[in-house]
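Below is one structure, written out as structure tokens; comments come after it.
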Amino acid sequence: MKQKLLALLLMVVMIFGLVGCNQKPVTKEETEETKGKELAEIATEITEPTEVNFWHSMQGDNEEALIALADKFMTENPKIKINLVFQGGYRELFEKLMASAKANQLPTMTQIYSNRLSWYVSKDLVENLNPYIENEAIGLTDEEIADYPALFLDDGIWDGKQYAMPFNKSQMVLYYNVDMFKKAGLEVPKTWEEWKSTAAALTKGDVIGLVFANNLSTDIAPWVKQSGGATMSEKDNVLLFDTPEMKEAVGFLNSLIQDGSARLAGEDKNPNVPFSQGKAAMCVASTSAISRIEKDAVEGLNWFAAPLPGNKTNDQLYYGTNIAVFNTGTPEEKLGAWLFSKFLTSPENTAYFAENTGYVPVRKSAKETEDYKKHLEENPVKAVALESFDIGFQGTRNIGGINALDILGEELDLVFANEKSVDEALKDAQERGTRALEEAKKN
Amino acid sequence: MMKRIISKFTTYTILIIGALFILVPFIWMLSTSLKPYNEVLIMPPKFIPSKFMWENYRIALEAAPFKRYFLNSLFVTTMITMGEILTAILAAFAFSNLNFKGKDILFTVLMGTMMVPSEVLTIPNFVTLSKLKWIDTYKALIIPWCASIYSIFLLKQHFQSIPKELYYASKVDGCKDFKFLWTMIVPLSKPAIVTLTLLKVIGSWNSFMWPLIVTNSDKLRTLPVALSAFSNEVGTDYNILMAATNLIIIPIMILYIFLQKHIIVGISKSGIKG
């Protein structure tokens, strides 16, 4: 008996020990050294060969475009070597970044979502880019800064400091089947009411009016914003799941699903899949799906895209990652990383990246470059995402916000499956989500 | 006579249905790997592609440095399997045949570690390895996997089923523990060891997350990492993915064909299935 108790005790100690290891936060003491570095003067010239490790999740055509740009950069800057390291999908990349942060092994720079970067900013691990931007020799002019759509720069600003530069951005748009609209004599909807009636009118036989993505957690943002609300407040770090605005948004989506004129992607995985097969008249998806739809489309599919229909406002959701430089590198490495960030977001390079991938250029003047102009003429659908910068916004960045939104997504699935009322689901999502947010703070 | 026919008929029907359940996904994978892109998701599904796209295999092979990944997978899997089987045999023997202080407590504690989900361990393990400066080396890919409590437990149970009389008799004849282990226990436990080997080979061959996390350079990455190149947030190139998957599973298939006899004995004796 005594032996068993001892064994049990040892086991408990061990398990908690392990979990404890995992949750060990990076303390101020650990970052003291790096903080000192941040205050130090930045390097403005690279005299010795310098290596910059850039972790990313770009695959296929996207990776090829990135490699081509890195090669071009290295030819122009022979002293800087950019090591592009593919770290799997976003999930794997972020998990690895987290592990590396805890082991003090962060790369020089990375591709990252702002809602993930907020944790690193809070731990003082990210390089403030303002000194670089403001520097005359290596920085950006006021004109250049104004050339970045404000919503993209804002996504990388915390407490007035620029911690990230925009990288691969896209917009959530409404794809529609032009022929089906023509045949039914319908216009592309501009408001929720029009949208609802259009979806109902186009649902016929094995064609459904509208398809949404499977997990409406982070993607719920545009409808809430268009109803005058938000998913959470970044300033007070509180969730706004159980609010009249959220209820209006969820109620609208649910009414479409319940009356049979809309569905989630389900087994198709992505909403663009049934749309490309001509089995949906409309779908809501990212503009990064454009090349995929082109590839998947059944013969003769005539399609185009439009901004999402509005409600009280016409806010449009943009998403995508930024590039951030960690402050753990040497001054030269950080300078190399800044120069590469600046290079990637120059009008001609971001235009090149956008042309070869499905993403949006992150500079307004990119559409004036000869190549991209020609590209837009050949692919007019790509111009859609360039037209809503002024009414665009990006998702919230609260630490643990993704976990809370995942919970909201779970609750919404119950609503869409008719297993829970909207009121009940939102109340539960608020409670469970708040717990997740609290939990994340401890990390 | 009639009864026998009915019973045979029932048995075969059940077996055929079971075989179909296992074979259809496999055939589907083969057929998808040869389809043109636009036939992958069409309804009703097509088992025979309108045009055989052998090209898919070429595209798959060109998408990643397969040769390097293949050699890495082969090396890492071989080392891990050998390491684990060796440590499992030694530890299982100690737990089943030897008497030492704290044996039961130690075993319970080891069993306790099986209750910790592996996801929880990723970050602490990464931190440990980076402190040892093992990140981006073969050591990180191999050494952490060279011991498994599950294998120790399984072998211990098997070793215990071997009559103790054999052990005592060998002791009387002056046989040392180590010799007894290698000349008696290991040959008698061949089916269990083969089963473990195969499970381990499949596990490490397919392992994705760990090799990706502990390596940064292409020259150290393994085959499953190559598979991740065919899907992203907006969709998956199923035909190319299936072509690559077919290429990757060939070695496992060959191994299975060679070890089939032992595996079946192993499964029926140890009651463990893959």
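Worth a mention:
- Under the criterion of Cα pairs below 8 Å and six or more residues apart, the relative contact order for region B:184-268 equals 46 percent.
- Estimated FRET transfer efficiency when R0 is 45 angstrom, pair A:Asp71-B:Thr78 (beta carbons, to 0.05): 0.80
- Using the Cβ-Cβ distance between B:Ile202 and B:Thr108 with R0 = 25 Å, the FRET efficiency computed as 1/(1 + (r/R0)^6) comes to roughly 0.30.
- Ellipticity estimate at 222 nm from DSSP helix runs (n ≥ 4, -39,500 (n - 2.57)) divided over chain A, nearest 500: -14500 deg cm²/dmol
- Under the Debye formula (equal points on every Cα, no solvent term), log10 I(q)/I(0) of region A:356-443 at q = 0.11 Å⁻¹: -0.57
- Whole-number percent relative contact order across chain A, with pairs defined as alpha carbons under 8 Å at least 6 apart: 23 percent
- The calculated FRET efficiency for the pair B:Leu20 and B:Ser217, based on their C-beta separation and a Förster distance of 45 Å, comes to about 0.55.
- Per-residue [θ]222 nm for chain B (sum of -39500 (n - 2.57) over DSSP H runs n ≥ 4, rounded to 500): -22500 deg cm²/dmol
- Cα extents of chain A along the three principal axes, largest first (Å): 77, 65, 36
- Computed over chain B: relative contact order in percent, which uses C-alpha pairs under 8 Å that are six or more apart: 31 percent
- Distance (nanometres) between label positions extended 7 Å along Cα→Cβ at A:Lys183 and B:Ile48: 3.2 nm
- Ranking of A:Met232, A:Met172 by neighbouring Cβ atoms within 10 Å, starting from the fewest: A:Met172, A:Met232.
- Label point distance in nm, A:Asp406-B:Asn38, each placed 7 Å from Cα along Cα→Cβ: 3.9 nm
- Cβ-based exposure ranking for A:Leu426, B:Leu121, A:Leu140, B:Leu155, in which fewest neighbours within 10 Å come first: B:Leu121, A:Leu140, A:Leu426, B:Leu155
- Spatial offset of region B:21-57 relative to region A:311-362 amounts to 38 Å, using the alpha carbon center of each.
- Restricting region A:117-180 to GluC sites (Glu not before Pro) that sit in a DSSP loop and have at most 14 other Cβ atoms within 10 Å of their own Cβ leaves A:Glu136.
- Residue exposure sequence - B:His262, A:His56 - by fewest surrounding Cβ within 10 Å: B:His262, A:His56
- Tensor-based shape of chain B (alpha-carbon gyration tensor, a/c under 1.5 rounded, otherwise prolate or oblate): oblate
- Pairwise centroid distance, computed over Cα atoms, of region A:132-194 with region B:158-206, Å: 65 Å
- Once both labels are positioned 7 Å from their Cα atoms along Cα-to-Cβ, the gap between B:Arg4 and A:Ala383 label points is 8.2 nm.
FYI, it's all coordinate maths here, none of it is from the lab. As the structure is a prediction and not an experimental result, all values here were calculated from the model. When we count neighbours, we look across all protein chains shown, and the Cβ atoms used for this are built from the backbone with ideal geometry, even at glycine.
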